[in-house]
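So the structure is just underneath, and the comments pick up after that.
The values are calculated or read from the model by the stated rules, or taken from the named source; none is laboratory data. Keep in mind that what you see is a predicted model, and the values were worked out from it rather than measured. Backbone-built Cβ (ideal geometry, glycine too); neighbour counts: all protein chains shown.
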Amino acid sequence: MKRFIPVLLAAMSASAWAADSGNPLSVHVLNQQTGLPSQGVVVDLEQQQGSGWARLAEGKTNADGRIGALWPQGKPMTKGIYKVTFHTGEYFNAQQQASFFPEVPVIFEVTDVNQHLHIPLLLSQYGYATYRGS
């Protein structure tokens with residue numbers, strides 16, 4: 001329990017920082033097998049345009065497994081369908097581990113441009129879970 005509280009407080013303050021920074025989109029990757037943040041995961045952000053996708057941004061998770069500002073600086077968020085792709089195969093290759101999912105695409109819809117969106121990914125070599133965070 002002692003270890004959980006500092007981790008929880010750090011996660012809450014990092015999420016608050018992302019919301020306060022004015023950037024409307026953040027992501028977080030945690031390795032379920034180790035219980036540790038996943039540093040070095042490349043993440044792409046794309047917007048659906050017709051039947052294809054237009055790339056908006058790319059980032060790499062920091063030591064806390066976060067990208068606090070994934071939305072392109074100076075570009076207003078617009079309503080639409082977006083995709084965040086976590087390049088998990090590259091991450092596991094760097095760890096010298098096999099993985100079943102080479103990437104994890106998360107498609108989501110923006111209906112309110114005046115809110116902060118946070119997309120966490122709980123990751124293991126052979127499974128993952130994601131949800132709308134805060």
(message) What's the total number of residues in region 71-128 that are surrounded by 11 or more Cβ atoms within 10 Å (Cβ to Cβ) and of a type in the set (D, E)?
(response) 2
(request) Could you tell me whether any residue of region 14-29 is within 22 Å of L123 (Cβ to Cβ), at pLDDT 95 or above, touching a strand residue (DSSP E or B) at 6+ places or on another chain (Cβ under 7 Å) and of a type outside the set (A, V, I, L, M)? (result) yes
(request) Scan (1) polar (S, T, N, Q); (2) in contact (Cβ under 8 Å) with a residue 24 or more places away in the chain; (3) out of contact with any helix residue (DSSP H, G or I) (no Cβ under 9 Å at 6 or more places or on another chain) for the single condition Q96 breaks and write down its number. (result) (2)
(request) Can you give me the number of residues within region 67-106 that are of a type outside the set (S, T, N, Q) and under 18 Å from Q48 (Cβ atoms)? (result) 17
(message) I'd like the residue in region 107-127 that is assigned to a strand (DSSP E or B) and of a type outside the set (A, V, I, L, M, F, W, C) and, out of all such residues, is nearest to Q96 (Cα to Cα).
(response) S124
